[in-house]
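K.L.:
Okay, handing you the structure first.
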Amino acid sequence: MIAVGLALTALFAVPLLGGKGLGSVVVVGHSMEPTMHTGDLVLAWPAGTYRVGDITPYRVPKGQPGEGHLVIHRIVGGDAVHGFVMKGDNNPAPDIWTPRPADLIGRKFLLVPRLGWLLAFLRQPLVLAAMAGGIVTAGMISDGGTSGPGTGEPEDGHAVASIGAVSR
């Protein structure tokens with residue numbers, strides 16, 4: 001259990017300290033079918049180098065139409081200096097954008113089918129408000145392991161046993 005905890009800490013914390021970390025993208029659209037579908041969650045890890053065949057989410061480069069939008073496609077050509085040629089597996093032609101390494105979020109290392117739908121649902125304001133209300137309510141009605149005034153125990157320090165006898 002400790003080893004798993006340390007591995008997860010290294011996986012998520014170490015890259016964050018270096019300024020780059022795990023990226024996550026929820027797939028929207030049909031451009032990557034049959035490899036990925038709308039609602040799939042993709043986790044991407046920054047890589048030192050990228051090559052043809054890598055699937056990577058990227059931000060549309062500055063100065064190009066759609067600047068800043070997030071796209072997840074496969075590298076089909078190009079290079080880090082001149083920009084990568086990207087294409088969706090289900091698209092007939094390459095993208096009009098040529099992202100460079102700074103635009104890439106990372107290389108896909110995990111695909112979790114349909115988990116993106118759940119995450120999108122959990123991010124809805126009404127759902128977040130209901131979860132927050134539930135946490136507050138649970139905190140208000142639970143004992144929390146404390147004793148004293150307002151916790152059901154008499155203030156004089158006497159506890160009432162479950163069979164009704166008073167103990168000291």
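The values are calculated or read from the model by the stated rules, or taken from the named source; none is laboratory data. It should be emphasised that the depicted structure is a prediction, and the values quoted were computed from it without experimental measurement. In this analysis, Cβ positions are derived from the backbone assuming ideal geometry, glycine residues included, and neighbour counts consider all displayed protein chains.
K.L.:
How many residues does the stretch 96-125 contain that are modelled with pLDDT of 85 or more and in a helix (DSSP H, G or I)?
P.N.:
Counting residues in the stretch 96-125 that are modelled with pLDDT of 85 or more and in a helix (DSSP H, G or I) gives 3.
K.L.:
So for the stretch 65-81 (the condition being over 23 Å from the mean Cα position of the chain (by Cα) and among the basic types (Lys, Arg)), does at least one residue qualify?
P.N.:
No, the stretch 65-81 contains no residue that is over 23 Å from the mean Cα position of the chain (by Cα) and among the basic types (Lys, Arg).
K.L.:
All but one of (1) under 17 Å from Thr35 (Cα atoms); (2) under 24 Å from the mean Cα position of the chain (by Cα); (3) modelled with pLDDT of 85 or more hold for Ile135; which doesn't?
P.N.:
(1)
K.L.:
Taking the conditions exactly as written (among the hydroxyl-bearing types (Ser, Thr, Tyr) and surrounded by fewer than 16 Cβ atoms within 10 Å (Cβ to Cβ)), does Thr56 satisfy them or not?
P.N.:
No: the conditions fail for Thr56.
K.L.:
Which pairs have Cβ atoms under 9 Å, sit 6 or more apart or on different chains, and link a residue in the stretch 52-66 that is farther than 14 Å from Leu104 by Cα to one that is of a type in the set (S, T, N, Q)?
P.N.:
Gln64/Thr98
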